[in-house]
1. So the check is Cβ under 7 Å with 6+ separation or different chains; which pairs have a first residue in region 55-77 that's under 26 Å from residue 16 (Cβ atoms) and a second one that's of a type in the set (Ser, Thr, Tyr)?
2. Considering only region 216-230, state which residues are surrounded by 15 or more Cβ atoms within 10 Å (Cβ to Cβ) and over 19 Å from the mean Cα position of the chain (by Cα).
3. Going through 154, 125, 134, 130 one at a time, which residue ends up being under 20 Å from residue 82 (Cβ atoms) and modelled with pLDDT of 85 or more?
4. Quick check: is even one residue across region 148-165 hydrophobic (A, V, I, L, M, F, W, C), buried (at least 22 other Cβ atoms within 10 Å of the Cβ) and part of a loop (DSSP other than H, G, I, E, B)?
5. Residue pairs, Cβ under 8 Å, 6 or more apart or interchain, first in region 31-52 and farther than 14 Å from residue 8 by Cα, second within 9 Å of ligand 2 (Cβ to nearest atom) and among the small types (Gly, Ala, Ser). List them.
6. Among the helices (runs of 4 or more DSSP H) lying completely within region 13-128, list those that include at least 1 residues that are within 16 Å of ligand 2 (Cβ to nearest atom).
7. List the number of the failed condition for residue 8; all other conditions in (1) over 26 Å from residue 201 (Cα atoms); (2) within 16 Å of ligand 1 (Cβ to nearest atom); (3) of a type outside the set (Ser, Thr, Tyr) hold.
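The values are calculated or read from the model by the stated rules, or taken from the named source; none is laboratory data. For clarity, every value in this text was computed on a predicted model and none was experimentally measured. We place every Cβ from the backbone using ideal geometry, glycine too, and count neighbours over all the protein chains shown.
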Amino acid sequence: MSTPIVEVRNLTKRFGDFTAVDNISFDIHEGEILGLLGPNGAGKTTTIHMLLGLIAPTSGTIHMFGLDLAKHRESILQQVNFSSTYISMPFSLTVEENLKVIARLYNLQNIQERVDTIVEKLEMKDIQKKLTRKLSSGQMSRLTLAKALMTEPKVLFLDEPTASLDPDIVNKIKEFLREYQRTAGLSILYTSHNMREMEEMSNRIIFLQHGHIVAEGTSDEIVQRYGQRDLEEVFLKLAREPKGK
Ligand SMILES: Nc1ncnc2c1ncn2[C@@H]1O[C@H](COP(=O)(O)OP(=O)(O)OP(=O)(O)O)[C@@H](O)[C@H]1O
Ligand SMILES: [Mg+2]
């Protein structure tokens with residue numbers, strides 16, 4: 001595969017005495033969808049927060065587009081976006097107003113056109129004029145995805161983007177992301193607790209457990225290595241292993 005767009009080396013995050021992410025290294029290549037898998041508390045969100053520059057690593061380095069995130073945060077983050085079920089957006093603005101604010105923050109051109117395109121793609125026409133405070137959780141997820149995709153990022157971090165979406169929109173979003181990945185060479189780091197989705201979406205998977213990478217490879221490789229029938233069985237096997245094993 002091509003050059004890595006994201007290079008993570010020996011990344012560690014400690015909160016007091018507790019080590020949430022423990023000396024992990026991995027790359028994300030151009031046009032690759034990398035799935036970050038692991039049980040609750042494994043360190044997935046903490047890793048994404050470090051990649052977004054929201055929290056500082058205790059040690060280790062993150063390079064994106066060949067630049068050190070610690071030194072070139074602003075220019076790197078212009079080409080990066082993220083979506084999470086758990087982020088909030090200004091509640092007193094409408095969906096459309098929120099998207100326009102994001103468009104201005106990213107200095108986008110043809111703002112109305114972009115908003116209309118993304119609203120159509122994610123089937124949000126019926127909520128376009130709705131106040132953000134009045135959105136259902138699935139509608140909120142669409143809005144956070146829309147704001148992430150609208151800026152046409154080169155790298156996208158998606159933390160459980162489909163957690164509260166119905167299967168129909170999940171399918172559409174998967175197709176949309178794959179299409180976008182193919183045409184724009186977008187690289188994606190993705191977390192989900194849905195194993196089928198992980199298998200379908202990811203070119204490669206990293207399995208995180210107690211802050212360590214315990215398995216890495218394609219879904220098929222991981223399943224074979226652990227002698228299980230599918231990723232769900234591997235997950236159950238690994239997740240039930242006690243800490244320190
Ligand atoms: N600000 C913080 N202070 C102290 N501990 C934290 C903090 N943020 C996260 N942690 C701890 O770090 C560990 C990893 O949390 P993280 O949110 O990264 O897990 P996760 O893999 O995203 O889990 P989930 O699947 O539940 O989303 C957890 O034990 C969590 O309690
Ligand atoms: Mg998380």
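1. Pairs that qualify, where the first residue is under 26 Å from residue 16 (Cβ atoms) and the partner is of a type in the set (Ser, Thr, Tyr), are 57/12; 58/12; 59/12; 60/12.
2. Listed by number, the residues that qualify are 222, 223, 226, 228.
3. 154 is the lone residue from the list that is under 20 Å from residue 82 (Cβ atoms) and modelled with pLDDT of 85 or more.
4. Among the residues of region 148-165, not one is hydrophobic (A, V, I, L, M, F, W, C), buried (at least 22 other Cβ atoms within 10 Å of the Cβ) and part of a loop (DSSP other than H, G, I, E, B), which makes the answer no.
5. Qualifying pairs under 8 Å: 45/84.
6. Fully inside region 13-128 and qualifying: 44-51.
7. (1)
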